[in-house]
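Colleague: Please find one structure pasted underneath; my questions will follow.
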Amino acid sequence: MKYDGIIFDLDGVICSTDEYHYLAWKKLAEKLGIKDFTKKDNERQRGVSRMESLEVVLEKTDKKFTQEEKVALATEKNEYYKQMLAQMSKKDLADDVKDTLDAIKAKGIRIAIGSSSKNAKFILSRIGLLDYFDAISDGDNITRTKPDPQVFTMAAQFLGLDPCRCLVVEDAEAGIMAGKTGGFDTAALGSATKCPYATYRLSTFSDLKAIVL
Ligand code: B16
Ligand code: MG
């Protein structure tokens, strides 16, 4: 087998919660009087921490905020986001994602989540995958977010595998950089396909089968 383990990003790879991040940040931006927060701005929020994502929004206003006020704004965004997540169900897990994951598992390849999010376990529970992965590395066990490789190196450790035996699947350029820095091969989806450092580029999630099976 080409890889013994696969580490999946969550938002924008396993499910479309990247769209909910965008909508929640846009709602916060509008409350701050920012009318031109766009998907292009949101691209820079992929994979990075909640507080770094807030700075992408605040670049668009002249208003100044204390650190305490920034924490309150990030918390407010997270409340909007969690309200959207609470509406999710198993229907939000696409068939091609579930079928591909099942096929990978059936071959005995170990699988992990590698997500910067502190909401990862809640999302996995909503879509019925909380107990499905061999390991979860997420915002609760890291001190640095992507593009730092920590979330992926910890996922590989949890799987008991060397990074060179694992593939990272990502939709964020920051995630591809994190994978590369950590010594992983990477498979890019969506906007991450623009990143020159990706090992593979996927048009659909199920393209993974041709690489790893
Ligand atoms: P939270 P991923 C990342 O998740 C998102 O891409 C990024 O936009 C977000 O800021 C980060 O999680 C933290 O998320 O606010 O839910 O803790 O793509 O690494 O799964
Ligand atoms: Mg992502």
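Colleague: Residue by residue through the stretch 72-88, what is 3J(HN,Hα) from phi via Karplus (6.51 cos²θ - 1.76 cosθ + 1.60, θ = phi - 60°)? Round to whole Hz and write x for glycine and proline.
Modeller: 5, 5, 5, 5, 4, 4, 5, 5, 4, 5, 5, 4, 5, 4, 5, 7, 6
Colleague: A follow-up question, please. Going toward the positive end of the dipole of the chain, with +1 on Lys and Arg Cβ and -1 on Asp and Glu Cβ, which of Thr193, Tyr20, Tyr3 do you reach last?
Modeller: Tyr20
Colleague: Build a GNM of the chain with springs between Cα atoms under 10 Å: which of Thr193, Thr153, Thr75 gets the top mean-square fluctuation?
Modeller: Thr75
Colleague: Listed highest first by mean packing, meaning other Cβ atoms within 10 Å per residue, what order do 83-95, 117-129 come in?
Modeller: Values: 83-95: 13.3, 117-129: 19.3.
Descending packing order for the listed peptides: 117-129, 83-95.
Colleague: What net charge is computed for the residues neighbouring Ala172, neighbours being all others with C-beta under 10 Å from the C-beta of Ala172, Lys and Arg scored +1, Asp and Glu -1?
Modeller: Details: positive: Arg44, Arg46, Lys146; negative: Asp9, Asp11, Asp18, Glu43, Glu170, Asp171, Glu173.
Its environment carries a net charge of -4.
Colleague: Taking amide H positions as placed in the peptide plane 1.01 Å from N, state which residues far from Ile113 in sequence (5 or more) or on other chains have amide H under 5 Å from it.
Modeller: Residues meeting the amide H criterion: Phe8, Ala135, Ile136, Ser137.
Colleague: Over what distance in Å are the Cα centres of the stretch 20-86 and the stretch 151-187 separated?
Modeller: Rounded to whole Å, the Cα centres lie 27 Å apart.
Colleague: Treating only the Cβ atoms of Lys and Arg (+1) and Asp and Glu (-1) as charged, compute the dipole magnitude of the chain about its Cα centre; round to the nearest 20 debye. Can you show the working numbers first?
Modeller: Values: 32 positive and 33 negative charges, 33 e Å.
In debye, rounded to 20, the chain gives about 160.
Colleague: Which one, Thr100, Val56, Ser203, is farthest towards the positive end of the dipole of the chain when Lys and Arg carry +1 and Asp and Glu -1 on their Cβ?
Modeller: Val56
Colleague: Further question on the same structure: Can you give me the distance in nm between label points at Glu69 and Ser16, each placed 7 Å from the Cα along the Cα-to-Cβ direction?
Modeller: Result: 3.6 nm between the two label points.
Colleague: To the nearest 20 Debye, how big is the dipole of the stretch 87-213 about its Cα centre, given +1 on the beta carbon of each Lys and Arg and -1 on that of each Asp and Glu?
Modeller: In debye, rounded to 20, the stretch 87-213 gives about 60.
Colleague: Would you mind working out the magnitude of the charge dipole of the stretch 1-61 relative to its Cα centre, with +1 at each Lys and Arg C-beta and -1 at each Asp and Glu C-beta, to the nearest 20 Debye? It would help to have the intermediate numbers written out before the result.
Modeller: Working: 11 positive and 12 negative charges, 46 e Å.
Dipole magnitude for the stretch 1-61 comes out near 220 debye.
Colleague: Put +1 on the Cβ of each Lys and Arg and -1 on the Cβ of each Asp and Glu in the chain; which of Gly47, Phe37, Val151 then has its Cα farthest toward the positive end of the dipole?
Modeller: Phe37
Colleague: Say a paramagnetic label sat at a point 7 Å from the Cα of Tyr197, along Cα to Cβ; which residues of the stretch 148-163 have their backbone N under 18 Å from it?
Modeller: Only 148-156, 163 fall inside the zone, counting backbone N under 18 Å.
Colleague: Please report the carbon-and-sulfur percent of the accessible area for the stretch 55-213; probe 1.4 Å, protein heavy atoms only, DNA, RNA and ligands left out. Could the numbers behind the result be given before it?
Modeller: Working: 3700 of 7490 Å².
Carbon and sulfur: 49 percent of the exposed surface of the stretch 55-213.
Colleague: Could you work out the helix-only [θ] at 222 nm for the chain, with each DSSP H run of four or more residues adding -39,500 (n - 2.57) and the total divided by the number of residues, to the nearest 500 deg cm²/dmol? Provide the component values of the computation, followed by the final result.
Modeller: Values: 9 runs with 92 residues, N = 213.
Result for the chain: -13000 deg cm²/dmol, rounded to the nearest 500.
Colleague: Continuing with the same structure: Sum up the charges of everything whose Cβ sits under 14 Å from the Cβ of Ala74, counting Lys and Arg as +1 and Asp and Glu as -1, but leave Ala74 out. Present the calculation step by step, with values, prior to reporting the outcome.
Modeller: On the way: positive: Lys27, Lys31, Arg50, Lys70, Lys77, Lys82, Lys118; negative: Glu52, Glu55, Glu68, Glu69, Glu76, Glu79.
Net local charge, Ala74 excluded: +1.
Colleague: Structure shown: which of Lys35/Lys146; Lys26/Lys209; Lys27/Lys91; Lys77/Lys105; Lys70/Lys90; Lys35/Lys98 lie over 30 Å apart, alpha-carbon to alpha-carbon? Display every interim value, and only then the final one.
Modeller: Working: Lys35/Lys146 28 Å; Lys26/Lys209 35 Å; Lys27/Lys91 25 Å; Lys77/Lys105 35 Å; Lys70/Lys90 34 Å; Lys35/Lys98 37 Å.
Among Lys35/Lys146; Lys26/Lys209; Lys27/Lys91; Lys77/Lys105; Lys70/Lys90; Lys35/Lys98, the Cα-Cα distance tops 30 Å for Lys26/Lys209; Lys77/Lys105; Lys70/Lys90; Lys35/Lys98.
Colleague: With a 1.4 Å probe and all protein chains left in place, how much accessible area per residue does the chain have, in Å²? Walk me through the numbers before you get to the answer.
Modeller: Details: 9880 Å² over 213 residues.
Value for the chain: 46 Å² per residue.
Colleague: Hey, for a label at Glu59 modelled as a point 7 Å past Cα toward Cβ, could you say which residues of the stretch 138-178 have their backbone N under 20 Å away?
Modeller: 145-148, 171-178
The values are calculated or read from the model by the stated rules, or taken from the named source; none is laboratory data. Being a predicted model, the structure only gives us computed values, none of them experimental. Counting neighbours? That spans all protein chains shown, and the Cβs are built from the backbone with ideal geometry, glycine included. Note: areas computed on protein heavy atoms with side chains; ligands, DNA, RNA excluded. Shrake-Rupley method; radii C 1.70, N 1.55, O 1.52, S 1.80 Å.
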